[in-house]
1. In this model, which of 55/168; 67/107; 46/168 are farther than 29 Å apart at the alpha-carbon?
2. Let me know the charge dipole size of the stretch 54-176 about its Cα centre in debye, to the nearest 20, where only the beta-carbon of Lys, Arg (+1) and Asp, Glu (-1) is charged.
3. Could you give me the radius of gyration and the Dmax of the stretch 44-199, taking only the C-alpha atoms into account and expressing both in angstrom?
4. Once you keep just the Cα pairs under 8 angstrom separated by 6 or more residues, what percentage relative contact order results for the stretch 44-150?
5. Hey, what's the stretch 140-190 come to in accessible area per residue, 1.4 Å probe, Å²?
6. What are the ³J(HN,Hα) values, in whole Hz, obtained from phi via the Karplus relation 6.51 cos²θ - 1.76 cosθ + 1.60 with θ = phi - 60°, for each residue of the stretch 35-51 in sequence order, with x given for Gly and Pro?
7. Please give the charge dipole size of the stretch 121-165, origin at the Cα centre, charges +1 on K and R Cβ atoms and -1 on D and E Cβ atoms. Round to the nearest 20 debye.
8. When Lys and Arg each count +1 and Asp and Glu each count -1, what net charge do the other residues less than 12 Å away from residue 159, Cβ to Cβ, add up to?
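The values are calculated or read from the model by the stated rules, or taken from the named source; none is laboratory data. All of these numbers come straight from a predicted model, not from anything done at the bench. FYI the Cβ positions are ideal-geometry reconstructions off the backbone, even for glycines, and counts take in every protein chain you see. Note: areas computed on protein heavy atoms with side chains; ligands, DNA, RNA excluded. Shrake-Rupley method; radii C 1.70, N 1.55, O 1.52, S 1.80 Å.
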Amino acid sequence: MSVSRIPARISTRAALAGGIALSSVVLLSGTAFAHVSVQPQGEAAKGGYATVNIKVPNERDNASTVKLEVNFPLDHPLASVMPQPVPGWKAEVTKSKLDKPLELHGKKINEAVSKVTWTADGAGIAPGFFQTFPLSLGQLPEDVDQLVLKSIQTYSNKEVVRWIEEQKEGAEEPQNPAPVLKLSAASDDHHGGGATAPSATATASAGEKAGHDGKAGDHEEKAAAASSSSSSSSDTTARILGVIGILVGVAGVAFGVLAGRRRSA
């Protein structure tokens, strides 16, 4: 083997590996983002309220998405479903009567939102693009771990894709899976805030302690400064280790190439 062939072979292998890696990324990204999905903004806790985005990608290269229909389960009804205005789209909220009235804030509700439909006023979602449709939901049920929001996507060429297949445990993902909103454990604040304000007693107690001990503020400032210094030191150390790792890797590659040349010689 001549020395001149080594770089070419190395380059070929590197290009092949890079091509495989790139193809994998493209395929995986296409699989991950090809479906209509629902994504909460922050937390979607049981018994609380949440803002979610319905994400709609355009999977066609010769048609635009011009309509989206999202259905809500009436066996776990939501009393409030409010769409946020989206430029270029008209939203329509459909309500249905409930077999069993829903109690919310001491009031009985006989109907709940069963469907929200968005219709494009203009060109819709063009090929190669996606659109999000924000919704405010509440009160989320407390007796389930998720909500299945079966959706129907319509294209400008009249094609209809039904995202209504439910995922079965242990089975592969269906071809047209329905969007699923995962619900987290109930929080103390049912309006979406997980943190609670300190009680008046705790605040008064802290005030009295500060009044009797004028050094309390100094201790807090010193603790904060120490914490900031520790964080800065850790960050600097991580950066130095990262640079060292890169240099070691480059040196290893160079050593491998030189060793190969020596063996060929």
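1. Values: 55/168 22 Å; 67/107 34 Å; 46/168 22 Å.
Going by Cα-Cα distance, 67/107 fall outside the 29 Å limit.
2. 600
3. Cα radius of gyration and Dmax of the stretch 44-199 are 17.0, 60 Å respectively.
4. 48
5. Value for the stretch 140-190: 63 Å² per residue.
6. Once rounded to whole Hz, the list reads 9, 5, 9, 10, 10, x, 8, x, 9, 10, 8, 4, x, x, 10, 8, 10.
7. Roughly 280 debye for the stretch 121-165.
8. +3
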